Every structure is written in structure tokens, then in C-alpha cells.
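The values are calculated or read from the model by the stated rules, or taken from the named source; none is laboratory data. Note that this is a predicted model, so its numbers are computed, not measured. Reconstructed Cβ throughout: ideal geometry from the backbone, glycine too, with neighbour counts over all protein chains shown. In case anyone asks, the SASA skips ligands and DNA or RNA and just uses the protein heavy atoms, side chains included. Shrake-Rupley method; radii C 1.70, N 1.55, O 1.52, S 1.80 Å.
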Amino acid sequence: MWADRLAVLPVIVIGAWAVLLTVADLYIPEHRRRITAILAALGLIVGLVVNLFIQRHNPQTAYFGLAIADGFSSFLNVLFLLSGLLGIAVAHGYLQRQNIARSEYYSLLLFSISGMMLMGMAADLIIVFIALELLSIPLYVMAGFHRDRLDSEEAALKYFLLGAFAGGFVVYGIALIYGATGSTRIAAILSAVQSGSASPILLTVGAALILVGLGFKVAAVPFHMWTPDVYQGAPSSVTAFMAVGAKAAGFAALLRVFLLAFPTLSDKLVPLLWALAALTMIVGNIVAIVQSNIKRLLAYSSIAHAGYILMATVTLGQSRLMADAAAAALFYLLAYLLTNFGAWAVVIALEREEGKGLSIQDYAGLGKKYPALAAAMSVFMLSLIGVPPTVGFLGKFYLFRAVLEGGFVGLAVIGVLTSLVSAYYYLRVVVVMYMQEGEPVVNRDALLHWTAALSAIAVLALSLFATPLFQWATQATLYAAQ
Amino acid sequence: MSVDYVLFGGLALVTILSALGMLFSRNAVYSALYLIFNFSTIAVLYLMLSAPFIALAQITVYAGAIMVLFLFVIMLLGAEQRGQAVRTWWMQPLALGLAGILIFEAIYLIFTHRTSFPPLRQAVGDLGNPLQIGEQLFSNYLLAFEAVALLLLVAVIGAIFLSRGRKLR
């Protein structure tokens, strides 16, 4: 029993911390809201320490096979906890400026992270579903955090309705797979699939339904309709967090369930995944070109990046490659986390009340008046395109390499071409910052500027030390490919 | 055995009639009440299949909690009377088609697999025995149980946050 608890300790720490923070917050006076934020950040740091301390290379199942602690989950836990810390850093000043500083924000954030971490550890489809809801429900509420603004309410309602709809797809898929194999444990499903006792039609339909549900969560085309509206309407600090966290958790489940349980269905699923990845890259990048609002631009960019990460799943069934591809996906998620939070920190620094300061034209003159901030934004834009020497380049490099080794030349070509297209709209931001005259207004928020600066440094520096990082990611997925 | 069949036939008739009543009532409150009636008869059907726990869960959860919530919402919104419904031309044919497929499936199964159905009691077995459910919940699915507890707590916090008066800051 204690071994079980130890295995899922990071989730327990964050979940319990969130509950205690909710209670403790009642005794913290209104004007000392900073304490709540600091306590939440402290909880995330404790979670990080615990996670690194119990990190293991041999996978260990816990709670009768419901959960599994392995390198994959440890790596993802670091990702989620880091996104939580950055999420608090960009939120604190922003919430006060927008007049929506409510301390529930931080406990909801912690609850959502506990769901994401549970998702990374899930070894049973029931846990996948519960974790999906546990991470989503706080995000629905946070999307509607700006209760006095109609677009925030609209974002929350849209996200909630479509999220619930997607959840229905996942449950239906789980039910069909249970019907075919008689179990929801991923290990049992795998053995039933391999022994050939399960009906392949039921299995394929079930897997496809789960793919639809998770496709909604990671914002893959054609399940992306909600993304631009929700990303634009939700408070920017929430968007920054959910663009990374929800996406990473969705991919955690996708990689774990598909690569582990369905490798023998590859002949049916790979064409599906191929089409999904190609469509997502093409639509995300092309529609992003015409956007003039920076939040919508980053929303479409986030759709496009979901497409790149989806490329990793087409190696399904090629057991030698799956580990590399999953490692590339993990590395890409880490690169996207740093780049995305940095970019959103700059966006939040320029956002003013009533949603002003969000047009790309508002960035005119930033290069002259605030050279450091403009330089950081340029670094993030280059990393999103995938230009060396940024970590985004290496993320794309590892992914394309895995896809090419798998023999999917066509998909890799689509990936490279759409990256070229994306250079147009990312570089337009840089051009506006440096080549046009303007009077940009920037908020004085030290935490925000530090977040942008540190992210920019990390994006540049990690590209130099990418090899050990990629090796860590590879070790993390050794189990997932076996 | 024959008593069982008579009982089942009567209950099935009531179930179907209450479902039709729900569909065709013009007043939303009557519809909700018919639905409660429908849920209760289904609970009795569960009882006949010797699944008392599921029967009681059906009554407390569906007929009780969920339908009371429905009634509250209907009355609070004052939506008792059906307004001018927006109809799209493809809705009715689609519904008819889907219902046709379902009925065809049921008839096909009954006539082709008739002999391979196990006797009722044997098929149900111990399923729905509260002791067994409890044991499963606290051993095999303990983590899921705890995670659901956390999930419900989050839902409560979120609901309170979103609905709390705007002056309270």
C-alpha cells in the first residue's frame, strides 16, 4: 500500500496542496493575496522536488494497475509543474491589472495540474477519463474568470460544451474497447489485442472515438473549432497555461494509450493519424496568416503545433522507432512550453484593460522603446518557426528525423512546407516591432519581464544543451515503446 | 415463472406509455414528471432482475436527484410552456431513420440469436451486489474513487465561484 502511495506521490502532493490552499485561503486577508500565489508556487516546487526524488527508471505499477510511475510520467510531471509555475508568474500581476484578482485562481490551477499529472500516470482508461475531466473542469472555470466580460463568458461556455461533448466521445470509445477486450487496463487490452481474441472492428472504432475526444483537447483539425474563440476570450494568463498544459496532457494520453495498447492496429490507425497531422499543420498555419489579433494568431499557431506533435504518432507499430518518436514529442512539448509561455508573457505585458493592446499593430515601435522585450519576442517567434539556434528548431529536427526514419516522406515534406508558411506570420510580428514607428505601452510588471527574459535565455541556451535533454526524454519513453 | 411474465409485460407497457407521455406532453413540467415515472418503472425492472442496488441507485440518482434538478431549472426559467420550436427539415427524417435502424437491430438479434441468450437470472448473476461493488471500489478502483472525489470537489468550487454574487470580493 505504501509503495502505491509513493508511486503516485507527486499527484497526492499537488491534489492535497490544492485542497489545503482552498481552505487556507479563507484565512488570508484580501489585501495579502500575494501570499496565496506564493503558497501555490511553493506547492509546485515541493511537487517538483518530490518528483525528482522518487524518479525511477524501472516502471512501477500502483493501485492494482490503475496507475504507473515511470520515466515517461516523471518527465511529464516536470513539464506540468513547470507550466504551473510559469502560469502563476504570468498571472499574478495580470489578474490585478484586469481587476479579477480572486484567489480561487491558484487552487483551480493546482487542481488542474493534479489532473494533468494523473493523466501522465494513467495505466487504465478509466483513469484517463477521470484525469481528463479533473484537468478540464478547472480550465472551464478559469476561462470564464473574467465574469464581467462577455467574451470570457462565451469562451467558458464554448469550452465547456465542446469539452463535455469530447468527453462523451472518449467514454464511448472506452466502452467499445471494454466490450472488445473485457478490460480497461492498458496492459490487459494489449494482451487481448495481441492474442487476437478481441474484435478488430470494435477496437478500431473505439480507438478512433478516443482519438476524436483527445483531438478536441489538443486542438487538432477538424476538432479545433473552439480554439480561436476560447483562446481569445479567456484571460490571457489562462490561455497561456491551457495552451501548454491541456495540450501536453492530451498528448500524454494519446502517446500512452495508442503506442502502448494499439500497435497491432497500425494498418488501420496510421492513415487516420497521418491525415489528422497533415490537416492540422496545413489549416493551422494557413488560417494564421490572416489574423490581426495576437491572441488569435497564437491560437492558430497552437493548432499548427499540435499538428507537428501529432506527426510522432504515425510511427505507430514500428516498435524500434516508437521510442524515438515519443521522445521527440516530449522534447517538442518542452520546447513549446518555454517558447509559448515566453510569447504569452510579452503579450500580457502589452495587454491593457478592455482587451486593448492585443492587435499586432500595437507592437509597432517596440524594438526602439523596449529593445529587450522586442528581442525576447523575436527569439520566441524564431523558435516557433523552428529556426536555429533555438530550442524550437531542435524540437522540429528530432520530430522530422523520427518521421523520415519511419518512411513518411510526404508528411515530413508537408511539415517543412507549412513551417515555411508559418515564417510569414511569425516574422510579420518581428517586422512590425522593428520596422514600424509607434508608441507601445508596456505594463510595469517585474515578474512578467523576468519570465520573458528567462524563457528567452532558456530557449537559446537549451538549444546548445539539447543532446542530454533529448537523452533524458528517450530514457523517459523506453517503457512506453516496449 | 408465468407471474414474472405478466408482471414484466405490464411494467413494460407502463414504461413505454410513460416515455410516450414524456415526449408528447405540451407542458415541460408534465414531461419531467412522466420521465420520473419512467425511471421508477425501470427501477422495478432492475429489481425483477435481482439487482436491488442498481434499482435503488436508479431511484435515488435519476428519479431523485437529477430529475429534481431538472424540475428546478424548468420552473426557475419559467419554461413550462413549449414555445415556437425551431424545426429543421432534416431532423425528423434523420430521427426516423436512426430509430428504424435501432428497431431493425433489435428484431434481427432476437430472431437470429434467440437460442443463445442465457436465462435471465444466470446472465445477471451477482452483478450489482452492493458488497461486491463496494469491494471493487475500495480495492481494484481505489485510485479512481479518490480521483473522482477530487473531481467532485473541483466541480463544487468551480460552481460556487461562477455563481457567487459579484459584490462579494
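Observations
- Selection count where residues are assigned to a helix (DSSP H, G or I) and open to solvent by less than 10 Å² (accessible area, probe 1.4 Å), scope the range A:308-321: 9
- Any hit, the range A:262-269, residues being surrounded by fewer than 24 Cβ atoms within 10 Å (Cβ to Cβ), of a type in the set (S, T, N, Q), in contact (Cβ under 8 Å) with a residue 40 or more places away in the chain and not in a helix (DSSP H, G or I): no
- Of everything listed in (1) within 10 Å of chain B (Cβ to nearest Cβ); (2) open to solvent by less than 30 Å² (accessible area, probe 1.4 Å); (3) within 16 Å of the chain's Cα centre (by Cα), the single unmet condition for A:ALA143 is (1).
- Entry remark, the range A:27-57: residues being in a helix (DSSP H, G or I), touching a residue at least 40 places away in the same chain (Cβ under 8 Å) and over 20 Å from A:ILE68 (Cβ atoms) number 10 in total.
- Test: residue in the range B:154-165 that is more than 9 Å from chain A (Cβ to nearest Cβ), over 27 Å from A:PRO10 (Cβ atoms) and at pLDDT below 75: yes
- Unique match (being surrounded by 17 or more Cβ atoms within 10 Å (Cβ to Cβ) and either within 14 Å of chain B (Cβ to nearest Cβ) or not in a loop (DSSP other than H, G, I, E, B) (or both)) among A:ALA18, A:ALA24, A:ALA3: A:ALA18
- Cβ-Cβ contacts under 7 Å between residues 6 or more apart (or on different chains), taken from a first residue in the range A:445-467 that is more than 18 Å from A:LEU85 (Cβ to Cβ) to a second residue that is hydrophobic (A, V, I, L, M, F, W, C), are listed as A:LEU460/A:VAL379; A:SER463/A:VAL391; A:SER463/A:PHE393; A:SER463/A:LEU394; A:ALA466/A:VAL391; A:ALA466/A:LEU394.
- Taken together, the residues in the range A:72-129 that are within 14 Å of chain B (Cβ to nearest Cβ) and in a helix (DSSP H, G or I) amount to 26.
- From the options B:ALA55, B:ALA43, B:ALA19, B:ALA63, residue that is within 13 Å of the chain's Cα centre (by Cα) and either hydroxyl-bearing (Ser, Thr, Tyr) or farther than 30 Å from B:GLN132 by Cα (or both): B:ALA19
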